[in-house]
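Please treat every number below as a calculation from the coordinates, not as lab data. Since the model is a prediction, treat every value here as computed from it, not as a measurement. Cβ placement follows ideal geometry from the backbone for every residue including glycine, while neighbour counts extend to all protein chains displayed.
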Amino acid sequence: MQMKLLIAMVDADSSDRVINAAREAGAAGATVIHQARGEGRRGLNQFLGLSLDACRDVLLFIVPVARAAYIIEHVAREAAFDETPGTGVVCQLDVEDSVGLRHQVRVFSQADQSEADP
């Protein structure tokens, strides 16, 4: 199964909302890195609209390719990423190879099967 890694950078106050939105859209789970801090060039206090002075949470989701775009759109809509500056950023990367995802792949396969059955 081809997978994507979704990376969301959000205020700590928004982490639960983003995780819940991702689960609603089909993500099976998340890894949370608390209090990540960015560094930019001197005099630059923002990167991609996010303050570099404030600590952020980094949320990682490994999801099937077929669900990635829907999850990103749902998360962005629920967390108002495009409507409110500085609320967060989410992007995706290809997962070339992985181990340790057997259970998660099984969950995705079962969900796909139940969606296909009338």
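Quick notes
- Placed amide H near residue 3: partners under 5 Å, 5+ positions off or other chain: 65, 95
- When each of the peptides 11-18, 30-37 is scored by the mean number of other C-beta atoms lying within 10 Å of its residues, the order from highest to lowest reads 11-18, 30-37.
- Using 0.36 nm per residue and subtracting the Cα-Cα separation, the extra length available between residue 82 and residue 35 on full extension is 14.7 nm.
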